[in-house]
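Written out below as structure tokens is the structure these notes cover.
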Amino acid sequence: MKKVFLAFAVAAMMVSCFSNEVVNNLESTRIDFASHVAGNSTRADENPSFTTANIAAFDVWAFMDKPSGQVFDQERVKKNDAGEWTYTNTEYWYPAHTYHFAALAPVDHSNIEIALANAPYIAEAGLGTVTFTNVDGTDDVIYAETQVTTPDTITSMAPVGLTFKHLLTKIRFSFKNCFAGEFVSLVVSDITMTAKDKATIDLTQDTFSWVLAADAKDVVLDFDDAGEAANFATGESASSDHFRLTIPADDKQQYLVTFVVSTYNGDVKGADYPVEVYIKDCEFKPGKQYNFKVELSGDAMGLHPIVFGQPEVEEWVSDTNPEEDRELKL
């Protein structure tokens, strides 16, 4: 297979601040929640990651002053039909204390294992470790920590504002038609990337990093087609129909990328060309999005260009039948 050049660019993650809503009623000392997810995307149909708009539940652990002052132990917080965040075992604010909160989503997923750092409590430094198994690149993992110190006299308290960070890496591919021929259009289909499926992250550290599990296996992430398998002309680009999420890793990891390029001249199909290429020397960081740009040309794909040799021009030949010389009468 001819390798296709891959270049990557990191897309900036847009982060906005959460604004607390003040509660002024008889339940002003009850602990309430609100949430925000950093790096929102409005393209939910193509993007499997959590956003502020689509997150519906998360689990919370909390203690007051020290881990043994337990307040919540994996309490499920859910959004109701009115858009309010509710939970079952109501807890309250008490004056002059510092509350430590840690939260994680998704919930009720068998491919996520949680080990508390200070079991049966969380640690002051954070929740503990999370082991994640990537099934198909559609599960996001997000985490939040915050502290709230209550005043000496409580008249009202705002909901706990949690800003979740993405712990995985988001990937997408885009393809540009760099064929010189003006009548050549392309279709890119069956885009996949092979990565490792299982790793553990320690959420008590200042810098989060994943460690691959000893029993990690290969998982194939399906990005579907580019532009829903539509033809794109010379100079045009098309992006993979789906984003996929993968476990962050250092630049020693390699990832096999495969796709099929179909060439067309007008409405006549030329051929299908399967392509295999490895992503190498690229570090994937938590919470970062990477768009790999692939330039497709005949030369890059190893195709044989149409070339012309030295043309030959036939010599003049005398017409000998009838005679070569003709008489022109005046």
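Below are the figures for this structure:
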item: Average Cα contact separation per residue, segment 170-296, under 8 Å, 6 or more apart, as relative contact order %; result: 37 percent
item: Summed side-chain charge close to Gln70 - residues other than Gln70 whose Cβ falls under 14 Å, Lys, Arg +1, Asp, Glu -1; result: -4
item: Cα-based reach from Lys285 at 17 Å (exclusive), listing lysines while leaving out same-chain residues under 8 positions away; result: Lys165, Lys170, Lys196, Lys198, Lys252
item: Percent RCO, i.e. relative contact order, over segment 133-188, from Cα pairs under 8 Å lying at least 6 residues apart; result: 37 percent
item: Neighbour cut-off at most 11 other Cβ (10 Å), DSSP loop, chymotrypsin sites (Phe, Trp or Tyr not before Pro), segment 143-208; result: Phe183
item: Relative contact order (percent, whole number), the chain, Cα cutoff 8 Å, 6+ residue spacing; result: 21 percent
item: Shape of segment 170-296, Cα gyration tensor, a/c cut at 1.5; result: prolate
item: Spin-label pair Val211/Ile112, simplified geometry with 7 Å Cα→Cβ offset, distance in nm; result: 2.1 nm
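Readers should treat all values here as calculations from the given coordinates under stated rules, not as data from a laboratory. Small disclaimer: the values here were computed from a predicted structure and weren't measured. As a convention, Cβ positions derive from the backbone with ideal geometry for all residues, glycine included, and neighbour counts pool all protein chains shown.
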